[in-house]
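Values in this text are rule-based calculations from the coordinates and carry no lab data. All values reported here derive from a predicted model rather than from experimental measurement. So basically every Cβ, Gly included, is an ideal-geometry build from the backbone, and we count neighbours across all protein chains shown.
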Number of protein chains: 2
Amino acid sequence: MSAYDEFARRMARINDLCCVLNLLTWDAGTQMPPGGAETRGQQAATISAIAFETFTDPKTLELIRAAEAEVAGEDPDSYRRRAVEQARQAYEITRRVPAEVVSQLKELRPVTESVWARARAGENFAAFAPYLERMVELNRRVADAMGYDEHPYDALLSRYEPGLTVSQLQVLFAELRAGLDPILARAKAAPSPRIDFLTERDYPEEAQRAFALEMVQKFGYDLNRGRLDPTVHPFEISFTRQDVRITTRYQRRWMPAAVFGAFHESGHALYEQGADPALTRSALTTDLLDFYAVAGVSYGLHESQSRLWENLVGRSRMFWENHYGRLREYFPEQLADVELEEFYRAINRVEPSFIRVEADEVTYNYHIMLRVEVEKRLIEGSLKVQDLPEFWREQMQSLLGITPPNDRLGPLQDIHWASGTIGSFPNYTLGNVMSAQFFEAACRQVPEMEEALARADYRPLLAWLTENIYRHARAFLPDELLRRSTGSPLNTGPYLRYLNRKYGELFPG
Amino acid sequence: MSAYDEFARRMARINDLCCVLNLLTWDAGTQMPPGGAETRGQQAATISAIAFETFTDPKTLELIRAAEAEVAGEDPDSYRRRAVEQARQAYEITRRVPAEVVSQLKELRPVTESVWARARAGENFAAFAPYLERMVELNRRVADAMGYDEHPYDALLSRYEPGLTVSQLQVLFAELRAGLDPILARAKAAPSPRIDFLTERDYPEEAQRAFALEMVQKFGYDLNRGRLDPTVHPFEISFTRQDVRITTRYQRRWMPAAVFGAFHESGHALYEQGADPALTRSALTTDLLDFYAVAGVSYGLHESQSRLWENLVGRSRMFWENHYGRLREYFPEQLADVELEEFYRAINRVEPSFIRVEADEVTYNYHIMLRVEVEKRLIEGSLKVQDLPEFWREQMQSLLGITPPNDRLGPLQDIHWASGTIGSFPNYTLGNVMSAQFFEAACRQVPEMEEALARADYRPLLAWLTENIYRHARAFLPDELLRRSTGSPLNTGPYLRYLNRKYGELFPG
């Protein structure tokens, strides 16, 4: 067996362990009876510990070194070289971060999540504050251990989006605000569309599920290698490209939750299902820092695909021109008196609101800007946890012109910080920006694309995305993928052009 | 940390791995999309290899030795001593059986199972024969490596039922035949009951499921720590006592399949859910030879509990006197013209047939006697694989008076041998015999038992079984459990008394 093959064999074992961890998570979120929670946690901790021990074993470093020697002369873009390089980088970072900090973060997580859940229910930020302080402190220690050039937050950002920095984000957010503010102003001035047919009529779950499944299969989601289940907080998760599952949430009086939830998760799933089969069970389908089986290269890039299929495809006028008739067949009574135009306006309503996950395409980004500012300040120490609620209210007022009446609708709404995750929020907005950049490039490069989309044929789009993004899994960094496939680094142009075109038509101002 | 605690910590890790393996199996049998099969197999192989490596690591022997020293002076019946003893025994057996034989058995298994499935479909025993020969040869090597006093088959028997021997089985089967033959003769002479209302009417799945779930919850199956799913081949499986799942199979034109299938699996599940919480994640809830998470101490004892709840409770006249009315509420049209007595006779029909898993309570044991005779002869070399079909036909004729028209209805019907399992068949009949022995003791020892059963209160029965069997998990051997709880070793008296009473009334002869 060659040195590379031995290295690959160890990576395959680690990927198997990560896939198993993902299955434990999926099962816990969709199937497990409540009584199983405690021992499930112990099982996950054991598998996670074994993955960590296997990866940090000195033998792994030997295997990496031997593989490095073997692939040294090969094409720097080859999957083999990339696999070895990424394993080396992850090994170095894992070695740098003290095991004690990692285990404290892990132990604190379930405790903090349950304190947070109670604090949120009771609108009691003070109860959560000391735990959040501890999470911030541990994250700061991670940042210091990882090292950074300019800002400690940069180290944390790079865990979720390799290469991303605070200074990059500042430019990005400034451009976005300049472009978004006028759209938002026009939206606020426009009359509200009718949504009574969504909020006041009953949409049975089974029909919601059937319609959503029919649509995501049109996108290309392969049920031979996937399935759709109900859950509380929708997610996509994979155990190799051969088994990529999505979940959604059903609300009988807000059908868009399930339908757009399924579109969103199917975008994540198409990315995972589209990985090159040769990369199955490899370092390039494994997040070796978090021991998570995933083909997507970063949080932002992954999000770009969920947003692309959910919003650029699934909330487009073209999409509903093709499929509104079908939706009406599933809900003939509920939609009997609703014109296509009314439906399209209802699902594209723009309105400032308190909850990020319920925000529309335009206001969503403001929620992210706020959170990123909070994270940056907490990590650099210029904002104290105790002052967070006040800061939040001020920022919401200044960004969106509304002030949350309590902390449940404010800084207690997201689970991320309770889970010890700081630095992942920017990726939701990065996803928005990248989704339009990819979509514009695909339409430009494939002449028949728009015509295909106009007749509800999503194959050319999926083919372009698979060829340029999905098949490579984690082999190329986000910036490399953007440059190779769109010809430019990350830029806000396509996204703002997309929003201006779409909302310019809806709110001519 | 004490030596015992360190030992227990390692056992907890191994149990976690076994629970995870069980979850991979459950998911593959109930949820996994077809495309996931290959990588799922790789994931299971990895977890299984890690469990094996962890258990056979020389460090485990050190931990066992240190724990042995620590518990040496304790009560020989204490859980701590039993846990250490069993780990030691499993360690010795695992060390004795050559790793090469184990891995050949493992590798051959999926291949042979798929050859078997095709051979069965094509009624082509010759295609399966060379693979079966290899499985017999490998099992013979396992037997020789394990060692035995009288017969190589004894070594294999003891893997599934500790202490069971060929000579014991010969006595047992002779007693059973002497008792069963007259019952069977009377059954054959009796007129057939009507079953048209089961085979010719349509029973919707949802109602079958609802009725079955309602009943197994009456038995005491706890849905807070369990769930019921549809599958092709019903099974029960657990990931600690906190999460014990059952499955059943729905046939719209044979409702008893799902209902009695669920009763059967719920019996297994009650055993698992009833283990002492202190034994969670311990050697006493782990089969360390097969790396299987299970609280039941042996295949036979486990089967005694599924049979007890399925047959002694679930097929009893008393049960249906209590619940037939409820069944009719679920199926008012299908059962409108069916009297309780007719229903009771239909579900207790006795009739020789070719397929073991479809056999009734009386003829079932003949199917086992045949298989045990085959296994014994194959292992000792007195029957060649090529002569098996002929031997099968002769035996079926001599035991039940019928001859299968093809090998699909003959030696190709069961998956066991294709899976490399030789020696597990006796346990189905042992389960029958033990079920009646336990049930009779419970009724004798608890004066209010029959009265409770008569008013459909299953709590005293579950309490007796939990106290005497379930809570101990694998701490006591089957023979110990029988003697401690019933006052005698395994004996056929209660089972034959039970059958004579029940079928004496149905077929007075």
Report task. Calculate the dipole size of chain B relative to its Cα centre from +1 charges on Lys and Arg beta carbons and -1 charges on Asp and Glu beta carbons; express the result in debye to the nearest 20. Result -> 140
Report summary line: Here, GluC sites (Glu not before Pro) of the range B:189-218 satisfying both criteria (DSSP loop; at most 16 other Cβ within 10 Å) are B:GLU200
Report summary line: Over all directions, the range B:166-506 yields a Cα convex hull whose mean projected area in nm² is 16.9
Report task. Give me a single rounded figure for A:25-32: the average over its residues of other chain Cβ atoms within 10 Å of their Cβ. Result -> 3
Query raised in the report: Rounded, prolate or oblate: which fits the range B:175-225 when a ≥ b ≥ c are the square roots of the eigenvalues of the alpha-carbon gyration tensor, with rounded for a/c under 1.5 and prolate only if a/b beats b/c?
Result: oblate
Report summary line: Hull surface over four for the Cα convex hull of the range B:1-96, reported in nm², is 7.4
Query raised in the report: Where the centroid of each part is defined by its Cα atoms, how far is the range B:153-231 from the range B:246-268 in Å?
Result: 11
Query raised in the report: Using alpha carbon coordinates only, what is the Rg to Rh ratio of the protein assembly as shown, with Rh defined as the Kirkwood radius?
Result: 1.00
Report summary line: Averaged over all viewing directions, the convex hull of the alpha carbons in the range B:308-397 casts a projected area in nm² of 7.8
Report summary line: Per-residue ellipticity at 222 nm attributable to helices in chain A (runs of n ≥ 4 DSSP H, -39500 (n - 2.57) apiece, nearest 500 deg cm²/dmol) works out to -20000 deg cm²/dmol
Report task. Report, ordered by chain and residue number, the lysines lying within cross-link reach of B:LYS376, taken as a straight Cα distance under 27 Å and ignoring same-chain residues fewer than 8 apart. Result -> B:LYS106, B:LYS384
Report summary line: With the label set 7 Å along Cα→Cβ, B:HIS323 is separated from its counterparts in the other copies, in nm and shortest first, by 4.5
Query raised in the report: What are the distances, in nm and sorted shortest first, from the label point of A:GLU53 to the label points of the same position in each other copy, with each label point placed 7 Å from Cα along the Cα-to-Cβ direction?
Result: 1.0
Query - Label-point gap, in nm, between A:ARG317 and B:LYS188 - each point 7 angstrom along Cα→Cβ - result: 8.2
Requested in this report: Assuming R0 = 30 Å, can you tell me the calculated FRET efficiency for the pair B:SER398 and B:GLU137, based on Cβ-Cβ distance, to the nearest 0.05?
Outcome: 0.60
Report summary line: Computed from the beta carbon distance with a Förster radius of 56 Å, FRET efficiency for A:GLU450 and B:SER114 to the nearest 0.05 stands at 0.75
Query raised in the report: In peptide B:12-22, how many Cβ atoms from other protein chains are near each Cβ within 10 Å, on average?
Result: 4
Requested in this report: Put a label point 7 Å from Cα along the Cβ direction on A:THR199, then list its distances to the equivalent points in the other copies in nm, shortest first.
Outcome: 6.0
Report task. Between B:ARG501 and A:GLU123, with labels modelled 7 Å along Cα→Cβ, what's the label distance in nm to one decimal, could you check? Result -> 6.5
Report summary line: Exposed-loop cut sites defined as trypsin sites (Lys or Arg not before Pro) in DSSP loop states with at most 11 other Cβ within 10 angstrom; longest site-free run of chain A spans A:1-252
Requested in this report: Can you tell me the dipole magnitude for the range A:391-495 around its Cα centre, using point charges on the Cβ only (Lys, Arg +1; Asp, Glu -1), in Debye to the nearest 20?
Outcome: 180
